[in-house]
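Since the structure comes first, as structure tokens, the remarks are kept for the end.
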Amino acid sequence: MVSWLKHFLIVIAVVLLTIFGLRAFDSQRGPPLARWHTFVPRELSADELATATWVDYLRAEDALLAQVKAQVSDKLKARDCTFANRYCPRSPIYPPGFKHDWNRSFVLEPAGVPLGVVVLLHGLTDSPYSVRHIAELYRAHGWLALAIRLPGHGSVPAGLTEATTDQWRAATRLAVREARRRVGSGKPLHIVGYSNGAALALDYVLSALDDKSLAHVDRLVLLSPSIGIGEEARFAGIAGWPAVFPPFAKAAWLEVLPEFNPYKYNSFPVNAARESYLMTQVVQEELAAHFADHTLGGLPPILTFQSLVDSTIDMPSVITALYNRLPANGSELVLFDMNRNAIFAPLLKPDAAPPLATLLPPAPRDFAVTLVTNETTGDTVVAQLTSAGATVATATSLQQTWPAQVYSVGHIALPYPLTDGLYGLTPDPADNSGIHIGSLAVRGESDVLVISPTLLTRISANPFYPFMATKIEAAMAPR
């Protein structure tokens, strides 16, 4: 028995050492780490955030971005200070040079007395830029909109090497405290969450079921919610083991890429994958516990927008972990189908999107489902609504067709209209971000670009944003 155990432990040690060695070797490929990968600006801790005010947070944010300027931008070597580097002060994509730097937390005030207040939470590696259009939508309808820059974001990718789930959760509570303070207790409160921000929004309302000191939320609006992600993220931390030795510092990164996007990191650290996985586990455990205790009846109505094809999250978990457990409280799930046009049909993988017949429980359901599709209408896109409690769908034409050469929506596209200056397919010239990533037509020989063409060809704007906006506008109406 002792001999067997000894041999087993030796085998495990050999396997771990092999994994360690292979990862250490693999981490040496690609470009070296730059200052924005190694300098970590100071963020408020979770404990500090628990008692901080909005003014405290903005003051800390100012100090953090001043650190980035002093320790990164002002110390760039001449060869690194290029037009394609967001940290170069001479670059057209240098965020502090814009009329408005959307990397910062912001508040949009309506023209008159606010009718309500909305807190907006951006996604992982993103910035408040990703929720600005929805914030503007709320402001246009008389609501005050408050978007917080979550810790680790909007500065340098190295910020995500130390950011934690606890910090994100504490920052969310800070934002909601400030939102409620600004409009008082008698006005409706919504939370809009995108991707990892959607997980934080869900966590907040689930926590509020147990903690009555947390402000009541009247509605959630979720976009591409990160309720589940690939199982490989569970073991992402293993990839970073060699980074404990300075020569293998790059092992702490899953991607080391040029930073040409002014409002989103291209580089991706191991810690970010691990913390985002932990966030999904928090939400799933909370959902399961409250479902078992029959306490989900206290949740507000949830309006969710989700692409049927999503390479970032585990899309079915939106239904299995969340919607199948919701009470009949007026919630709705809006699904964006693939382009079923005859031109694309032969090129689509048969299993690219999960079949709705097995993905959704049979009607009638306790929640409404809207499918945006052209599967049975040729070029015309329709919204097929099956109301809660109904068994038959009603179809309404969106009076539009799929844009040419677009075969699906996707995870990163949902918050942006086609006219978005950075991500739109037809960017508004007045919406200047120094670069039009969404409209770049990538054509040329292979092995020329410094990044994978996939990073540029993945759709980054939502052809059906106007339809989504009408759904969100309807959610603002008094219940």
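The values are calculated or read from the model by the stated rules, or taken from the named source; none is laboratory data. It should be emphasised that the depicted structure is a prediction, and the values quoted were computed from it without experimental measurement. Methodologically, a virtual Cβ is constructed for each residue, glycine included, from the backbone with ideal geometry; neighbour enumeration extends over all protein chains shown.
Quick one: is residue 459 part of a loop (DSSP other than H, G, I, E, B), modelled with pLDDT under 90 and under 21 Å from the mean Cα position of the chain (by Cα)? In short, yes.
Test of understanding: among 396, 426, 391, which residue is under 30 Å from residue 95 (Cα atoms), surrounded by fewer than 19 Cβ atoms within 10 Å (Cβ to Cβ) and in contact (Cβ under 8 Å) with a residue 12 or more places away in the chain?
The unique qualifying residue is 426.
Report, by residue number, each residue of the range 46-77 that is crowded, with 18+ Cβ neighbours inside 10 Å, hydrophobic (A, V, I, L, M, F, W, C) and within 23 Å of residue 260 (Cα to Cα). The answer is 64, 65, 68, 72, 76. Exactly one residue out of 354, 361 is of a type outside the set (Lys, Arg), over 26 Å from the mean Cα position of the chain (by Cα) and either more than 24 Å from residue 475 (Cα to Cα) or assigned to a strand (DSSP E or B) (or both): that is 361. Just a yes or no: is a residue in the range 431-438 modelled with pLDDT of 85 or more, out of contact with any helix residue (DSSP H, G or I) (no Cβ under 9 Å at 6 or more places or on another chain), exposed (fewer than 14 other Cβ atoms within 10 Å of the Cβ) and not charged (D, E, K, R)? No, that holds for no residue. Apart from one condition, residue 187 fits all of (1) outside any helix (DSSP H, G or I); (2) within 16 Å of the chain's Cα centre (by Cα); (3) of a type in the set (Lys, Arg); the exception is (2). Looking at residue 27, is it more than 28 Å from residue 250 (Cα to Cα) and at pLDDT below 95? In short, no.
Hey, among 42, 86, which residue is assigned to a loop (DSSP other than H, G, I, E, B), surrounded by fewer than 15 Cβ atoms within 10 Å (Cβ to Cβ) and modelled with pLDDT of 95 or more?
Numbers: 86 fails: surrounded by fewer than 15 Cβ atoms within 10 Å (Cβ to Cβ).
Residue meeting the stated conditions: 42.
Give me the pairs, please: first residue somewhere in the range 69-96 and under 18 Å from residue 42 (Cα atoms), second residue anywhere and among the hydroxyl-bearing types (Ser, Thr, Tyr) and in a loop (DSSP other than H, G, I, E, B), beta-carbon distance under 6 Å, and either six or more positions apart or on two chains. Matching pairs, first to second residue: 72/87; 73/87. The residue pairs whose first member lies in the range 433-444 and is more than 10 Å from residue 93 (Cα to Cα), whose second member is modelled with pLDDT of 85 or more and hydrophobic (A, V, I, L, M, F, W, C), and whose beta carbons are closer than 6 Å, counting only pairs six or more residues apart or on different chains, are 437/422; 438/425; 438/461; 439/425. The residues in the range 89-109 that are touching a Leu at 6+ places or on another chain (Cβ under 9 Å), assigned to a loop (DSSP other than H, G, I, E, B) and either surrounded by fewer than 19 Cβ atoms within 10 Å (Cβ to Cβ) or on the phi > 0 side of the Ramachandran plot (or both) can be counted, and the count is 3. Among the conditions (1) assigned to a helix (DSSP H, G or I); (2) crowded, with 22+ Cβ neighbours inside 10 Å, residue 177 misses just one, which is (2).
Residue 471 passes every criterion in (1) modelled with pLDDT of 85 or more; (2) assigned to a loop (DSSP other than H, G, I, E, B); (3) surrounded by fewer than 21 Cβ atoms within 10 Å (Cβ to Cβ) apart from (2).
Would you be able to tell me the number of residues in the range 117-151 that are assigned to a helix (DSSP H, G or I) and either free of Cβ contacts under 8 Å to residues at least 24 places away in the same chain or over 10 Å from the mean Cα position of the chain (by Cα) (or both)? Reasoning before the result, please.
Filtering the range 117-151 for residues assigned to a helix (DSSP H, G or I) gives 128-140.
Still in the list and also either free of Cβ contacts under 8 Å to residues at least 24 places away in the same chain or over 10 Å from the mean Cα position of the chain (by Cα) (or both): 128-129, 132-140.
So the count comes out to 11.
In the range 134-145, is there at least one residue being acidic (Asp, Glu) and modelled with pLDDT of 95 or more?
Filtering the range 134-145 down to residues acidic (Asp, Glu) leaves 136.
Those left that are additionally modelled with pLDDT of 95 or more: 136.
Yes.
Of 372, 382, which residue is surrounded by 15 or more Cβ atoms within 10 Å (Cβ to Cβ), touching a residue at least 40 places away in the same chain (Cβ under 8 Å) and touching a strand residue (DSSP E or B) at 6+ places or on another chain (Cβ under 6 Å)?
On the way: 382 fails: touching a residue at least 40 places away in the same chain (Cβ under 8 Å).
Going through 372, 382 in turn, just one is surrounded by 15 or more Cβ atoms within 10 Å (Cβ to Cβ), touching a residue at least 40 places away in the same chain (Cβ under 8 Å) and touching a strand residue (DSSP E or B) at 6+ places or on another chain (Cβ under 6 Å): 372.
Listed here are the residues, each with its yes/no results for (1) out of contact with any Leu (no Cβ under 6 Å at 6 or more places or on another chain); (2) at pLDDT 95 or above; (3) surrounded by fewer than 20 Cβ atoms within 10 Å (Cβ to Cβ).
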position	(1), (2), (3)
251	yes, no, no
257	yes, no, yes
265	yes, yes, no
282	yes, yes, yes
307	yes, yes, no
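For the range 185-201, does any single residue satisfy the condition of being without any contact (Cβ under 8 Å) to a residue 60 or more places away in the chain, surrounded by fewer than 18 Cβ atoms within 10 Å (Cβ to Cβ) and over 17 Å from residue 51 (Cβ atoms)?
Residues of the range 185-201 that are without any contact (Cβ under 8 Å) to a residue 60 or more places away in the chain, as a first pass: 185-186.
If we keep only those that are surrounded by fewer than 18 Cβ atoms within 10 Å (Cβ to Cβ) as well, we get 185-186.
Still in the list and also over 17 Å from residue 51 (Cβ atoms): 185-186.
There is at least one residue in the range 185-201 that is without any contact (Cβ under 8 Å) to a residue 60 or more places away in the chain, surrounded by fewer than 18 Cβ atoms within 10 Å (Cβ to Cβ) and over 17 Å from residue 51 (Cβ atoms).
Only one entry in 385, 371, 398, 449 is under 30 Å from residue 83 (Cα atoms) and either of a type outside the set (D, E, K, R) or at pLDDT below 95 (or both), namely 449. Taking the numbered list (1) assigned to a helix (DSSP H, G or I); (2) more than 30 Å from residue 255 (Cα to Cα) in turn, residue 166 passes all entries but (2).
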